[in-house]
Amino acid sequence: MQFEVVIVGGGIAGLQAAWHLREMGIRRIAVIEQGAVGGGATSHGAGFLSHFTWNPLDAHLVRRSAELYAAQQAELGGSFFRVTGSYVVVSRTVPRPGASGHGGTVTGVPGSRARQEAPAEVPAPARRAGVPAQAAATSGQANQGGEASQESMVEGVTRQLAARAAMVREAGIAVHDLTPAEGAVAVPAWNWADVEAAWFVPGDGTLLPGEVARTLARRLRQREVAILEETPALELGLGRGAAGPVVAGVRTPAGPVAADAVVVATGVWTRRLLQTAGLDAPIKPYRTQLSFWALPAGLDPSTVPPLHDVTGEYYWLPREGFLAVGDGTQLVEQDPAAFRREPDPEFIAACRARLEHRLPAARGAELVRGWAHLCDATPDRRPLLGPYGGVESLHLAVGFNGFGVMRAPAVGELVARFVLGEEPALGGRPLEGTEALRASRFSGYTDFEMGQGFNTAGEG
């Protein structure tokens with residue numbers, strides 16, 4: 001069979017693209033997945049949907065994604081999406097594990113998002129690549145005597161986030177400024193003593209990414225979309241058209257799969273697939289971590305609002321009956337075929353310290369499980385969407401920098417329109433500024449220094 005569109009990658013981005021293409025009338029669609037649908041980065045995503053974004057374009061993508069998740073849940077059933085609201089805070093201190101590894105002490109905020117390899121006595125959020133351990137230790141010692149510089153940093157982050165909140169409001173999304181005293185009234189169980197500023201975003205929510213993927217795949221099968229699991233794409237097939245190279249499909253272990261158009265939604269595996277056709281893209285895999293905690297009796301995780309502590313460099317959210325605490329980002333390029341999948345002991349200890357510092361009633365929480373997985377970074381921390389490589393009908397949907405789940409439905413809608421040659425729009429409304437997302441802004445691989453994706457204090 002000659003498919004109209006083959007989508008390589010059965011994660012949430014690829015499945016959302018298939019969903020929108022089917023909604024727009026395309027019937028002969030195949031999704032090719034090397035494992036189980038949603039079994040890779042998708043199922044290992046935190047599932048945090050945050051409107052507190054970097055720029056107006058991202059704000060529109062997340063807002064549209066929230067609308068689409070709600071609509072898909074209403075149509076398909078299930079309970080994979082919940083609007084909870086979330087809190088964003090700037091704190092003056094960073095919890096770190098105590099000598100016993102249980103509980104913890106509090107230290108002054110280190111340099112935000114420092115990329116350092118740090119010894120045990122340096123706060124966990126400072127563990128980043130690129131600076132020797134001794135330099136990190138020196139930096140930590142300097143910070144102990146640099147209260148003025150710490151205060152200046154906190155004030156700077158607060159100003160940045162206040163401006164970010166104003167931008168999100170201008171995009172039509174509700175954001176409420178909170179004083180620490182107001183926060184203590186809203187969520188009295190939290191420790192607000194070290195909070196400098198806070199915001200509440202009522203439209204934020206939580207997701208079960210793997211369940212979303214499986215639910216979409218079931219319905220797509222019912223709508224005669226071919227979902228080919230356990231089917232790796234070995235090679236991109238190219239042909240020659242009147243104007244140059246044109247995509248012809250992909251080759252799998254079972255043979256070629258012919259297509260009029262191919263969407264590559266393969267995340268950290270993208271470079272390897274593109275290289276089979278003499279192409280490349282600026283993508284680097286990096287490692288993130290997530291932990292799940294059973295809270296003490298009488299403390300229901302579902303009642304704990306999602307939190308992003310920007311200066312503390314962590315987030316949490318209720319998920320599957322537990323409280324998921326995450327970040328643990330390591331900005332060191334990884335091999336997708338050989339990376340450590342278990343969470344680091346230092347990360348787990350830091351999560352406990354952060355949890356018990358901000359939510360004192362969680363003291364004694366039990367670690368249930370944790371994992372590490374990979375995200376795909378790009379030079380400008382923006383995704384690569386649409387036509388690529390000068391190859392007719394070849395499209396990308398990759399490079400989500402750790403926040404693909406929260407934007408996947410809107411990205412799928414955009415990619416579907418790119419495939420069909422239509423102008424970019426969300427929900428029928430034209431979308432400006434998509435040049436910043438188009439894959440064609442790059443023409444191959446270029447080396448770059450990775451930056452945090454989930455970092456509302458940085459440039460976006």
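The values are calculated or read from the model by the stated rules, or taken from the named source; none is laboratory data. Not measured: the values here are computed from a predicted model. Quick reminder, even Gly has a Cβ in these numbers, built from the backbone with ideal geometry, and neighbours come from all protein chains shown. The area values use the complete protein model at the heavy-atom level, side chains included, leaving out ligands, DNA and RNA. Shrake-Rupley method; radii C 1.70, N 1.55, O 1.52, S 1.80 Å.
Observations, loosely collected:
- Pairs are defined by a Cβ separation below 6 Å, a sequence spacing of at least 6 or placement on different chains, a first member in region 45-60 that is of a type in the set (S, T, N, Q), and a second member that is open to solvent by 20 Å² or more (accessible area, probe 1.4 Å) and in a helix (DSSP H, G or I); no pair meets this definition.
- Qualifying residue in region 392-413 (condition: open to solvent by 30 Å² or more (accessible area, probe 1.4 Å), in contact with a Cys (Cβ under 7 Å, 6 or more places away or on another chain) and of a type in the set (Gly, Ala, Ser)): yes
- Test result for Ala457, at pLDDT below 95, aliphatic (A, V, I, L, M) and open to solvent by less than 60 Å² (accessible area, probe 1.4 Å): yes
- Scan region 345-363 for residues that are over 18 Å from Gly183 (Cα atoms), out of contact with any His (no Cβ under 8 Å at 6 or more places or on another chain) and open to solvent by 20 Å² or more (accessible area, probe 1.4 Å) and the total you get is 5.
- Failed item in (1) at pLDDT 95 or above; (2) open to solvent by 10 Å² or more (accessible area, probe 1.4 Å); (3) over 14 Å from Trp269 (Cα atoms); (4) assigned to a loop (DSSP other than H, G, I, E, B), with Gly38 passing the rest: (2)
- Scanning region 53-78 for residues that are of a type in the set (Gly, Ala, Ser) and either at pLDDT below 95 or open to solvent by 10 Å² or more (accessible area, probe 1.4 Å) (or both) yields Ala66, Ala70, Ala71, Ala74, Gly77, Gly78.
- Filter pass, Val263 being touching a helix residue (DSSP H, G or I) at 6+ places or on another chain (Cβ under 8 Å) and within 18 Å of Ala18 (Cβ to Cβ): yes
- Test: residue in region 360-370 that is farther than 30 Å from Met153 by Cβ and in a loop (DSSP other than H, G, I, E, B): yes
- Some residue of region 89-97 being under 30 Å from Leu437 (Cβ atoms) and either at pLDDT 50 or above or touching a His at 6+ places or on another chain (Cβ under 9 Å) (or both): yes
- Tally of residues being outside any strand (DSSP E or B) and either surrounded by 24 or more Cβ atoms within 10 Å (Cβ to Cβ) or among the β-branched types (Val, Ile, Thr) (or both) across region 371-387: 2
- Leu299 being open to solvent by 20 Å² or more (accessible area, probe 1.4 Å) and in contact (Cβ under 8 Å) with a residue 40 or more places away in the chain: yes
- Among the residues of region 61-76, those identified as touching a residue at least 12 places away in the same chain (Cβ under 8 Å) and of a type outside the set (Asp, Glu) are Leu61, Val62, Arg63, Arg64, Ser65, Ala66, Leu68, Tyr69, Ala70, Gln72, Leu76.
- Taking the criterion of being of a type in the set (Val, Ile, Thr), more than 18 Å from Asn401 (Cα to Cα) and open to solvent by 40 Å² or more (accessible area, probe 1.4 Å), the only residue of region 302-337 that qualifies is Thr303.
- Scanning region 258-271 for residues that are in contact with a Gly (Cβ under 6 Å, 6 or more places away or on another chain), open to solvent by 20 Å² or more (accessible area, probe 1.4 Å) and closer than 20 Å to Arg27 by Cβ yields a count of 1.
- Candidates Ala189, Ala193, Ala181, Ala162: the one that is touching a Phe, Trp or Tyr at 6+ places or on another chain (Cβ under 9 Å), over 27 Å from Asp58 (Cβ atoms) and either without any contact (Cβ under 8 Å) to a residue 60 or more places away in the chain or open to solvent by 10 Å² or more (accessible area, probe 1.4 Å) (or both) is Ala181.
- Filter result for Asp260 (out of contact with any strand residue (DSSP E or B) (no Cβ under 8 Å at 6 or more places or on another chain), at pLDDT 95 or above and of a type in the set (Asp, Glu)): no
- Checking Ala337 against (1) more than 17 Å from the chain's Cα centre (by Cα); (2) modelled with pLDDT under 95; (3) among the aliphatic types (A, V, I, L, M), the condition it does not meet: (2)
- Taking first residues from region 346-359 that are more than 13 Å from Leu317 (Cβ to Cβ) and partners that are modelled with pLDDT of 95 or more and part of a helix (DSSP H, G or I), the Cβ contacts under 9 Å between residues at least 6 apart in sequence or on separate chains come to Arg352/Ala362; Glu356/Ala362.
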